[in-house]
1. Give, as a single signed number, the net charge of other residues whose beta carbon lies under 15 Å from the beta carbon of residue A:246, with Lys and Arg counted +1 and Asp and Glu -1.
2. 5 Å is the cut-off here: which amide hydrogens, built 1.01 Å from N in the peptide plane, fall below it relative to residue A:73, excluding neighbours closer than 5 in sequence?
3. Grab the beta carbon distance between residue A:39 and residue C:95, set R0 = 25 Å, and tell me the FRET efficiency rounded to 0.05.
4. GNM, chain C, Cα, under 10 Å: largest mean-square fluctuation among C:316, C:274, C:248?
5. Enumerate the helices in chain C for which the Kyte-Doolittle hydropathy averages -1.0 or more and the C-alpha atoms extend at least 18 Å along the helix's axis, using complete DSSP H runs.
6. Excluding residues fewer than 8 places away in the same chain, name every one of the aspartates and glutamates whose C-alpha is closer than 17 Å to that of residue B:89.
7. Computed FRET efficiency, Cβ-Cβ of residue C:108 and residue B:114, R0 60 Å: what is it to the nearest 0.05?
8. Where a Cα-Cα gap under 19 Å defines reach, which lysines qualify for residue B:186, not counting those fewer than 8 residues away within the same chain?
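The values are calculated or read from the model by the stated rules, or taken from the named source; none is laboratory data. Everything quoted here is computed from the prediction, not taken from an experiment. Here the Cβ positions follow ideal geometry from the backbone for every residue, glycine too, while neighbour counts run over all protein chains shown. For accessibility, only protein heavy atoms count, side chains too; no ligands or nucleic acids. Shrake-Rupley method; radii C 1.70, N 1.55, O 1.52, S 1.80 Å.
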Amino acid sequence: MTTAWAPITEPNATETPSLGQPAPRPAVPVTSDSALAEQYLEISMGPQHPSTHGVFRMNVVLDGERVIQLKPVFGYLHRNHEKIAETESYLGNMPYTDRLDYICSITNNWAYALAVEKLGGIEVPERAEYIRVITGELTRLQNHACLLGFLLQDMGASGTPLMYAFREREKVLDLFESLTGARMMCNYLRFGGCRVDLPAGWLDRAKAFLAEFPRFLDEFERLLVDNEILMERTQNVGVLSRELAVSSAISGPMARASGLNYDIRKADTYSIYSRFSFRVPLGHHGDVYDRYMIRFLEMHESVKILEQAMRDIPAGPIQNPAVKARLFRPKPGEAYGRIESPKGELGFYLISDGSGIPYRYRVRPPSLINLTVLEDLCLGRNVADVIAILGSVDIVMGEVDR
Amino acid sequence: MSRDRGSRLLGEGIIKGLAETARNFFGSYVSKQRLTTVQYPEERIPQDESFRNFPFLVYDGSDPEAGLRCVSCQICEKECPPKCIFIEKSKDKKPDAVGKPQFYPTVFDIDVSVCMSCQICVEVCPFEAIKMDVKYDYPTESRFAALLFDKHQLTKSNDYYHQIHPTEASAVDAALAAEREAAATKAAAAAAKAAAAKPAATAGAPGTATASAATSTVTPPSDTTAGEPR
Amino acid sequence: MTQTPDQVFVILKHWLLGYVPTSVHAIASAVLSILPLMVVFPLLFAITTLLERKGLGRIQNRLGPNRTGPMGLWQPLADGIKSLTKEDIVPFTADHIVHFLAPVLLVVAAFLAYAVLPVGRNMVLVNLNAGVLFFFAVGSVVELAVFMAGWSSRSKYSMLGAMRAIAQMISYEVPLVLASVVVIMQAGSLSTVDIVERQATYTGIFPHWYVFTPWGFLGFILFMIAATAESNRSPFDLPEGESEIIAGYYIEYSGFKFALFFLGEYLGMFATSGIAITLFLGGWSAPLSVLTFIPSWAWFFLKLLTLICMFIWVRGTLPRLRMDQLMNFAWEFILPMALFNMVIAGLWRFMNPGAVRWFVCAFLILVPMFVLSALLKRKKKLQLRTYSFAE
């Protein structure tokens, strides 16, 4: 294909654009008779690639090493999740939500449970709320550890930070296994509470894990935070301006790294987050380094929340006795339940028609929404930066494609 | 994290990183925490009790057919999200572990290549008949046919259930025993109530002698059935 | 002085030559000198692949290979058999002749470089007057081989990799040579044997290795950084950036040719380590005069193994540098430091021996280093950042 490309003005790769302006878009390719003597290189960083976080494809047009256009192609993992949900009962949909963002199954469950509870006007007992917060924050810890490991692996630190991060993640997964029976596909939350109560000794094990976790964070900090190579690779790379973040509905750590003070746990408090004191870290530059550091700081904050929750958890029932899991028929209506998942705002929109099966079921996937600005972030950067930027967006294809 | 140091020597952070790696290298010879490899299949990580993989059917006592708890209510079949359970109900009834005639499944297949281990079937079963197994290695030689487990492969004893999930099995046994006790007391109360009602009925109608004689001849069978322990 | 273990290979060679008729002495002598090199260094390559995997494994809290043989000792053998028996796929549109020649050229060039390395006392293949020059000349052929590989594969990824590799290798060739110039200035000779012999003397028990002087230490560091870049090792392995362009210039190679690329890369690594040892670390001489009973060739290989372990250590720790950062680093930091180093080495030579010249030279090294670091950091606007927190 030899279409001549109209000249485009890409941002100067070494200059940091001020946070006020979004990056200029490339011009549409123009077929003309006077084809340019030089040709741009079109490569497909294809679905099979060690660093695209799943089956994800990017058609990249390069001028030497600089990116001048980037089109993401996804859908390779589409599994008809929303359609299946319209044929299953409300309870039967819960295990499918595990498999959306397959790394963070409990927060997926939570968002769905929230939506159904809003739909049915269901209350949740206190102990169950505390357990939800504890397991949710543990999920956030292991997701961020996983992501930091992968980000560094993509940048070539041949697996060492990845192994350290996974060593810690394994401990969290072991806790989940003894609580819910499965490491990743937990299927733990129910409408009006949790499925089973904490087994004997679980809380002590969780507290022991939490006592050791800051040591791992310090180790990670020593290994990589001051590392000049990492700083060079990630600072001023993939800058996301605040305006673009707002207009593209970016949420989660990516938005907070651009200076947007929007954490649903504070902005639209759900569950019992108002009882815990924690801070929301904000970045000022919006580059890959900030996103990386924001997640690192969020892990510290999660540790704080966990300590408070594990200290204050009351005894009591874990399930609202008025709710029957099976043959659950909410009244007709609609509800949108959203939480601050480790990736961003995860929302479930449900429309009920009075039967035991949702009429409409829609997932707001944070990974996909955050991915829409990928091209703007990558324009004018090198190929190597594209990988780092993609890693910092933190996508999981299960959520992007559903 | 609020340091903003100015110019330092280029390479200081790299040296710190190298020190960290060296510590992990030497630490892997001394501490177990820094060498997390488990040499499968010779070593295995001890499995947690609550681990779940695929379902199995529980039977009480020693006879898998007679003691099977499943009464083929087909609730698990309906609730299973990926619809991997296939049940066929029997036409006749057979007595269960406590003697009450129940339906039973003539066919109970689970396609474990579809099953996603969500254990919703366990949650919704009213008879504690289906529970989660912990076996995870099922190497087979055919891809689909060998992964369709039939009733014979799925049925395992209550003792096996106690082995794999001790606390859960004890709780289930206690719940079932309590249920039976409640049913027994309820039946005893109903029988006592019926026995108290009977003399009142006969005393209240003396005129109809032949009728009362007829009724008095038919009372004994109800007495004996009411007195039978449940 | 235990001469015999030290000279055991030389004695062995002369004894074997005794059985050869005089007319073919010259050729036989050459062959008898070449054969051990061609056996030992590939063996070292095999050991290094295993060492690397186990070393990286331990750094990453896991065991390396341990199933093939005790502690994984037969793993290199298994890898060799695997690469020999794999199907050799050549892309249809590739330039077949160049595609075939590239790995061959790489390995040949790497082997040629061993000709001037003094592996032990009296154990150099050829004592050239311009040994160091020969070494660097042959080392440049490696770059040609890399480019041939990338270009002949006619694939976008491999071409990207080849372009990156050429740019990187050319820009690090200059600091590599300049870092070695200081040694030549001090030793006054280009012959590797002379350079080692000048370092093999002792004052008391301490040796006269060039690495123990300020300019030598800096030169050694610069040389090792440039050597890492020349052999495309982490953190300079962008041309074979595994997670970005998969394998770069050897993406279209499979089977034995792929193994030859690995062999060539590692042989190049050994060669540059070897020349670094020769130039800075005193070649085959012992670090303390009391330790000279250990044979010279043992010392050489011990030092080689130490440098290899350093390579593996750095690989396990650091992420990759991006292309333009890599080049910036070469031209804006390493090259000026190498030039400063030359000035300082000259000062050292013409000042009187004593504590004064130590202080002056050390001071004159540290100042540019700090200044350059500060300049570079300011230019790149790298900082440790502060983060605000919202309640």
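1. Every neighbour counted, the sum reads -2.
2. A:57, A:58, A:59
3. 0.80
4. Taking springs between Cα atoms under 10 Å, the residue moving most is C:316.
5. Working: long enough: C:25-59 (50 Å, 1.40); C:96-113 (27 Å, 2.29); C:131-152 (32 Å, 1.81); C:156-187 (47 Å, 1.14); C:214-230 (24 Å, 1.46); C:256-279 (34 Å, 1.39); C:296-317 (32 Å, 1.33); C:335-350 (23 Å, 1.39); C:355-380 (38 Å, 1.33).
For chain C, where a helix must reach 18 Å along its axis and average at least -1.0, the hits are C:25-59, C:96-113, C:131-152, C:156-187, C:214-230, C:256-279, C:296-317, C:335-350, C:355-380.
6. B:65, B:77, B:79, B:109, B:150
7. Efficiency for this residue pair is about 0.55.
8. List returned: B:100, B:198.
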